[in-house]
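A.B. asks: Following this message is one structure expressed as structure tokens.
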Amino acid sequence: MRILITGFVAFAVWCFFSAWMYNDNLLPVINAPEPIAEIPEQTTTADSLEKIRAAMPEKLSIYFEFNKAEFKNDQQADSKIAEFRKWLEKYPESKLRITGHTDLTGTEAYNQDLAMERAVAVQKYIMTLGLSADRMIVESKGESEPAADYLTEEGRAKNRRTEILIKLQ
């Protein structure tokens, strides 16, 4: 009988102790509201760069006649060049990249030279609008980067171009 009484007393003590632990220690922790951690909004360099690129003027393509490097300005090109100029004033570390292209007609060396003449003609015109030459990068791609096919006359005409775009430094 002693064993039964001792067992019952131990069981009762264990029940009171468990109830006390549960009510005083575990239940408040379980019912406590979870704190919501607020993460501050961070702007990373990549996000900033994406925003800058989204605001950047789109490239301008100027088309040329077959075997010619004479630039004929028009109102649309002037307004687009004005956008580039505003951008360069706002971001002095960036430059204009002027790239000349040709179609496939002619030798590779001739097309390289013709594309450079086209790019230089556009550069000279932009310089007359007040932009200095040190803010421009002039290059020739010749026939190496076509914008369209070479099979049709329309495709070849689209390849005879000079592209102007912003180069971020």
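A.B. asks: If you roll a 1.4 Å probe over the range 36-169 with all protein chains in place, what percent of the accessible area is carbon or sulfur?
C.D. replies: 52 percent
A.B. asks: Next question, about the same structure. Using alpha-carbon pairs under 8 Å, 6+ residues apart, how would you state the relative contact order of the range 57-169 in percent?
C.D. replies: Value for the range 57-169: 41 percent.
A.B. asks: Would you mind giving the three semi-axes, in whole Å and largest first, of the ellipsoid equivalent to the range 22-117 according to its Cα gyration tensor?
C.D. replies: 60, 17, 11
A.B. asks: Work out, step by step, the length gained on full extension between Val9 and Ala32: first 0.36 nm times the residue separation, then minus their alpha carbon distance; give nm to one decimal.
C.D. replies: Working it through step by step, the gained length comes to 4.9 nm.
A.B. asks: Any chance you could look up the accessible area of Trp20 with a 1.4 Å probe, heavy atoms only, rounded to 10 Å²?
C.D. replies: 130 Å²
A.B. asks: Just the number please: accessible area per residue for the range 76-169, 1.4 Å probe, all protein chains included, in Å².
C.D. replies: Ligands and nucleic acids excluded, the result is 52 Å² per residue.
A.B. asks: Can you spot the lysines whose alpha carbon is less than 24 Å from Lys141's alpha carbon? Ignore those fewer than 8 places along the same chain.
C.D. replies: Of all the lysines, those that pass the test against Lys141 - Cα under 24 Å, at least 8 places apart if same chain - are Lys59, Lys68, Lys72, Lys80, Lys95, Lys124, Lys158, Lys167.
A.B. asks: Could you work out the helix-only [θ] at 222 nm for the chain, with each DSSP H run of four or more residues adding -39,500 (n - 2.57) and the total divided by the number of residues, to the nearest 500 deg cm²/dmol?
C.D. replies: Taking each H run of at least 4 residues, the total per residue is -15000 deg cm²/dmol.
A.B. asks: So for the pair Ala157, Thr107, with labels modelled 7 Å out along Cα→Cβ, what separation do we get in nm?
C.D. replies: A separation of 2.9 nm, rounded to one decimal place.
A.B. asks: Same structure again: Just order 24-37, 48-61, 113-126, 133-146 by mean Cβ neighbour count inside 10 Å, highest at the front, would you?
C.D. replies: 113-126, 133-146, 48-61, 24-37
A.B. asks: Still on this structure, I have one more. Can you give the local net charge around Gln112? Use residues other than it whose beta-carbon is closer than 9 angstrom to its beta-carbon, Lys and Arg +1, Asp and Glu -1.
C.D. replies: -2
The values are calculated or read from the model by the stated rules, or taken from the named source; none is laboratory data. Remember, it's a predicted structure, so these values are computed and weren't measured experimentally. Quick reminder, even Gly has a Cβ in these numbers, built from the backbone with ideal geometry, and neighbours come from all protein chains shown. Surface accessibility is based on the protein's heavy atoms, side chains included, excluding ligands, DNA and RNA. Shrake-Rupley method; radii C 1.70, N 1.55, O 1.52, S 1.80 Å.
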